[in-house]
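S.K.: Here it is, the structure in full.
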Amino acid sequence: MKPQNILVPLDFSNCSKNALKIAIGLARNNHATLYLLNAIHIATPYVDVTGGHSLVEPVIEDYEKRVEKEFDTLIKEFILLRDVDYVIKKYVCTVSDAIEMCLKEEKIDIIIMGTKGSHSTLEKFIGGVSADVISQVNVPVLLIPENISSLQANRIGFAADFENMEDLGKLEPLIYFAQLTKAEIQIFNVTENVGDISFEKSRQSLKISNYLKDVDHTFHTIEDQKVVHGIFDFIKDHNLDMMAMYPRKHGFLERLLSDSVTKKIAMSVHIPLLSIHE
């Protein structure tokens, strides 16, 4: 995988600027095009409300002027943008809807977005909007926590459930980032009982190992009653620099998002997360 079209959602916060900095580096390495996306959600009145459109139009005009100034400032701040091709995309809708529309309009290879902590334990790691995005889109998503300003990794963890993965080509983004950072991939499975690992799961792990033959990798099995707790413990114990997951619809991702994890672990882990999709 060599991304040619990279989507970067921006709200002009330091968090999203960190993601942009990393995206610019990838774009320069791959001669890729950046799509810089900004969205604003305006609660519009019903069309049959008298004067409804006249109330909304000034707000949209103000948004257009304000966001244009923000982009002008951004371009001056990020001098390296001059070295890459970029397209500015502006939408009046929710961020999630804007991303979905952009994916339909452009051939996006990967989304790189900043993520900021919030009040819930899991969202401190992947963020509310980010969770919506990785559960809806069908392209890889690289989430950059607000404390990360460069992409460096010695160890990348890959949380695998070892269920049948029909297209191992989906692992190309993982291989790409491992080779880019010269990192070892540590593949691990969290299970309630190590003795319950089936022959099929063992066979799948062998298939994955064969596919990753050109990348340094190791396998680990973690026994834990809760998937999220096991993941965060592994991240901490193995001092991972980056995480990758292969969320399945109505499967691993739902279990991940519905599970709970202690505040202490969620607050202590701040590493990039690569979400690879079916």
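The values are calculated or read from the model by the stated rules, or taken from the named source; none is laboratory data. Note that the structure is predicted; figures quoted are calculated from it, not measured. All Cβ positions, even for glycine, are placed from backbone atoms using ideal geometry, and neighbour counts span all protein chains on display.
S.K.: Which residue pairs have Cβ atoms closer than 6 Å, lie 6 or more positions apart in sequence or on different chains, and pair a first residue in region 87-104 that is in contact (Cβ under 8 Å) with a residue 12 or more places away in the chain and of a type in the set (S, T, N, Q) with a second residue that is surrounded by fewer than 18 Cβ atoms within 10 Å (Cβ to Cβ) and in a helix (DSSP H, G or I)?
M.R.: Correct list of pairs: 96/132.
S.K.: Does region 227-238 hold any residues that are closer than 27 Å to residue 139 by Cα and surrounded by fewer than 18 Cβ atoms within 10 Å (Cβ to Cβ), and which are they?
M.R.: 229
S.K.: Hey, does region 187-195 have a residue that's surrounded by 12 or more Cβ atoms within 10 Å (Cβ to Cβ), modelled with pLDDT of 90 or more and within 24 Å of the chain's Cα centre (by Cα)?
M.R.: Yes: one or more hits.
S.K.: Filter region 80-119 down to the residues that are out of contact with any Leu (no Cβ under 8 Å at 6 or more places or on another chain) and assigned to a loop (DSSP other than H, G, I, E, B), then identify the one that is farthest from residue 132 (Cα to Cα).
M.R.: For region 80-119, the residue satisfying everything is 107.
S.K.: What residue, of 99, 156, 134, is in the same structural domain as residue 16 (by TED's automatic domain parsing), among the β-branched types (Val, Ile, Thr), modelled with pLDDT of 80 or more and buried (at least 22 other Cβ atoms within 10 Å of the Cβ)?
M.R.: Exactly one residue qualifies, and that residue is 99.
S.K.: Sticking with this one: Take region 200-250 and flag every residue that is assigned to a loop (DSSP other than H, G, I, E, B), within 22 Å of the chain's Cα centre (by Cα) and modelled with pLDDT under 85.
M.R.: Once the filter is applied, which keeps residues that are assigned to a loop (DSSP other than H, G, I, E, B), within 22 Å of the chain's Cα centre (by Cα) and modelled with pLDDT under 85, region 200-250 yields 246, 247, 248, 249, 250.
S.K.: How many residues does region 63-83 hold that are of a type in the set (A, V, I, L, M, F, W, C) and either in contact with a His (Cβ under 8 Å, 6 or more places away or on another chain) or loosely packed, with under 15 Cβ neighbours inside 10 Å (or both)?
M.R.: The total comes to 3.
S.K.: A follow-up question, please. Name the single residue, out of those in region 15-36 being closer than 20 Å to residue 242 by Cβ and polar (S, T, N, Q), that is surrounded by the fewest Cβ atoms within 10 Å (Cβ to Cβ).
M.R.: 29
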